[in-house]
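These notes concern the structure reproduced below.
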Amino acid sequence: MVQLTLPTLLLSLVAALPAIHALPAATAPAVDPSTPFYLVTTSDKHSASASSSLKDVSATSLFDPYYQPNYLLRLIGPGYGSLPTFTLTDGVLHSPSSGPHGLGSYVYNSTAVAAGTELQFLAAAEGPGSLTLKKGVLAVGGETDGWTICAGPLGQEVIEYKGTDLSCVPTYIQAVSTPPY
Ligand SMILES: *[C@@H]1O[C@H](CO)[C@@H](O)[C@H](O)[C@H]1NC(C)=O
């Protein structure tokens, strides 16, 4: 029979300490891909409990500079009127939006992601696609790296996948439940 003396009790407590320290710190609530979320760009690889505390965070908005059918995703600063929300199923992002010139209302769906081009959305059936959320971070084929912010039309910054233009800087895209600003 094991004698539970004070020294053995202390020893077992000390032995348990590293396990206690290994517990994860408070983590951000998991993003449910079927509940509408906002997309933000950030230099942070990991999600934060508040989107406003993400590094270099920017809200994003759908963008059709020339009233073209394929919408782009651009960065948008404070002072926006509203932000689009997204859901993700079957590897495809969905966002309800009006059509070009504000006419009609459609569910815009992300098209197949290709290196060197913008992330694009069409009012058309799409998929299955290659997009997933990994702990809230948007991934292509399971990889969260590869997204870039590049100079786009009308002086706006748009999202490309593996953009190669000199203007492009790497970024992560995160799904968040509240806008950062
Ligand atoms: C976009 O995809 C959704 C889900 O697959 C579908 O219900 C919707 O009709 C699609 N949008 C258009 C305009 O076809």
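All but one of (1) in contact (Cβ under 8 Å) with a residue 24 or more places away in the chain; (2) within 16 Å of the ligand (Cβ to nearest atom); (3) more than 25 Å from Gly155 (Cβ to Cβ); (4) of a type in the set (A, V, I, L, M) hold for Leu122; which doesn't? With respect to (1) in contact (Cβ under 8 Å) with a residue 24 or more places away in the chain; (2) within 16 Å of the ligand (Cβ to nearest atom); (3) more than 25 Å from Gly155 (Cβ to Cβ); (4) of a type in the set (A, V, I, L, M), Leu122 is out only on (3).
Determine whether Leu154 is out of contact with any strand residue (DSSP E or B) (no Cβ under 7 Å at 6 or more places or on another chain), within 21 Å of Tyr66 (Cα to Cα) and more than 16 Å from the ligand (Cβ to nearest atom). Answer is yes for this residue. Put simply, of Val92, Val113 the only residue that is of a type outside the set (Phe, Trp, Tyr), closer than 26 Å to Pro170 by Cα and more than 9 Å from the ligand (Cβ to nearest atom) is Val113.
Only the coordinates and a few stated rules stand behind these numbers; no lab work does. Predicted, not measured: the structure shown is a model, and the values here were computed from it. Positions of Cβ are backbone-derived with ideal geometry, glycine not excepted, and every protein chain shown enters the neighbour counts.
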